[in-house]
1. Working carefully through the options K133, K147, find the one that is closer than 27 Å to N187 by Cβ, surrounded by fewer than 15 Cβ atoms within 10 Å (Cβ to Cβ) and not hydroxyl-bearing (S, T, Y).
2. Considering every residue within the stretch 130-146, establish whether at least one is over 30 Å from K264 (Cα atoms), within 21 Å of the chain's Cα centre (by Cα) and part of a helix (DSSP H, G or I).
3. Out of all the residues in the stretch 208-227, which are among the acidic types (D, E), open to solvent by 10 Å² or more (accessible area, probe 1.4 Å) and either in contact with an Asp or Glu (Cβ under 6 Å, 6 or more places away or on another chain) or under 29 Å from Y55 (Cα atoms) (or both)?
4. For the stretch 193-204, how many residues are without any contact (Cβ under 8 Å) to a residue 24 or more places away in the chain, surrounded by fewer than 16 Cβ atoms within 10 Å (Cβ to Cβ) and in a helix (DSSP H, G or I)?
5. Report yes if I202 is β-branched (V, I, T), in contact with a strand residue (DSSP E or B) (Cβ under 7 Å, 6 or more places away or on another chain) and over 21 Å from N140 (Cβ atoms), otherwise no.
6. Just to be sure, is R121 part of a loop (DSSP other than H, G, I, E, B) and in contact (Cβ under 8 Å) with a residue 24 or more places away in the chain?
Amino acid sequence: MRKSKLFFLILLVLCFNTTVFSQDAPNRIISLGPSLTEELYLLGAEGKIIGCTTYCKCPKEKVGNVIEVNVEKILSLKPDLVLATSLTNQRDIEKLRSLGVNVITFKTPRNFSEICEQFLRLARIVKKEQKAKEIIKQANTEIEVIKKRIKDLPRPRVFIQIGARPLFTATKDLFINDLIELAGGINIASSKTGLYSRERVIEDNPDVIIIVTMGIAGEREKRQWETYKVVEAVKRKRIYFIDSEKVCNATPLSFIEALKEIVKLIHPEIEDG
């Protein structure tokens, strides 16, 4: 399904590096990435946002989606900074730059460390570095607490589904892999592209299957998995859902929220607290 593929691409936009930015803090920012928009809110810089994408939960002018943007609309808003992602159409980026617009591009983070790096870089741009450091410190503290709670528990083998047609999963180069491993699981995915087959999942025989409800019908997918009676996750009734909002926003705090949720799913023996 085209919609499923687009949503999977959105997942991959969850950003990391930048180019040079001016010494003065920008006051009119257009964000072309949902995670970047979330981070600006987290930093208390939401008042600087004047435009964003249709996928951003932000009551500002919409200038396009995460891939295609309306260059004329962006120009009309007179931004002093546009935050782009690795999915933003490169021709649009080049056109904006040729017209004198300051565009900074962020790449996809591969792990929690890179999420924190990009968050800190964005914070420096908007002059919120100290707040970012405090948030990162809080996130790292919570990770250490989680590590202590799960250190003596068995590590179930996990398959996480983030797309249906075709079947997609999280590779070792996506920060979702960090979510699984820090939660005390083992990511069975060995594909370099994220493309997978149900036959391969059956062969790998995961203990747990987690379905990300993003652009796919979760209940329908669960019923399909349940037809494969030889899979350990099916035998033990360990097929779960997790909302895409929890695993697709690459901010330090959203990462922690998703991590706690996955810990509950793969270690139900742990009591809350």
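The values are calculated or read from the model by the stated rules, or taken from the named source; none is laboratory data. Keep in mind that this is a model prediction, so the values were computed, not measured. Methodologically, a virtual Cβ is constructed for each residue, glycine included, from the backbone with ideal geometry; neighbour enumeration extends over all protein chains shown. Quick note on the areas: whole protein, heavy atoms, side chains included, nothing else; ligands and nucleic acids left out. Shrake-Rupley method; radii C 1.70, N 1.55, O 1.52, S 1.80 Å.
1. On the way: K133 fails: closer than 27 Å to N187 by Cβ.
Within the list K133, K147, the selection yields K147.
2. First pass over the stretch 130-146, keeping only residues over 30 Å from K264 (Cα atoms): 130.
Restricting the remaining residues to those that are within 21 Å of the chain's Cα centre (by Cα) gives none.
Among the residues of the stretch 130-146, not one is over 30 Å from K264 (Cα atoms), within 21 Å of the chain's Cα centre (by Cα) and part of a helix (DSSP H, G or I), which makes the answer no.
3. E219
4. Here the count works out to 2.
5. no
6. Spelling it out, it is not the case that R121 is part of a loop (DSSP other than H, G, I, E, B) and in contact (Cβ under 8 Å) with a residue 24 or more places away in the chain.
Residue-wise test of (1) more than 28 Å from V66 (Cα to Cα); (2) surrounded by fewer than 22 Cβ atoms within 10 Å (Cβ to Cβ); (3) more than 15 Å from the chain's Cα centre (by Cα); (4) not hydrophobic (A, V, I, L, M, F, W, C).
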{"position": "K229", "(1), (2), (3), (4)": "yes, yes, yes, yes"}
{"position": "F241", "(1), (2), (3), (4)": "no, yes, yes, no"}
{"position": "P252", "(1), (2), (3), (4)": "no, no, no, yes"}
{"position": "K264", "(1), (2), (3), (4)": "yes, yes, yes, yes"}
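Here is a yes/no grid of residues against (1) modelled with pLDDT under 95; (2) of a type in the set (V, I, T):
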{"position": "F119", "(1), (2)": "no, no"}
{"position": "R124", "(1), (2)": "no, no"}
{"position": "Q130", "(1), (2)": "no, no"}
{"position": "I143", "(1), (2)": "no, yes"}
{"position": "I162", "(1), (2)": "yes, yes"}
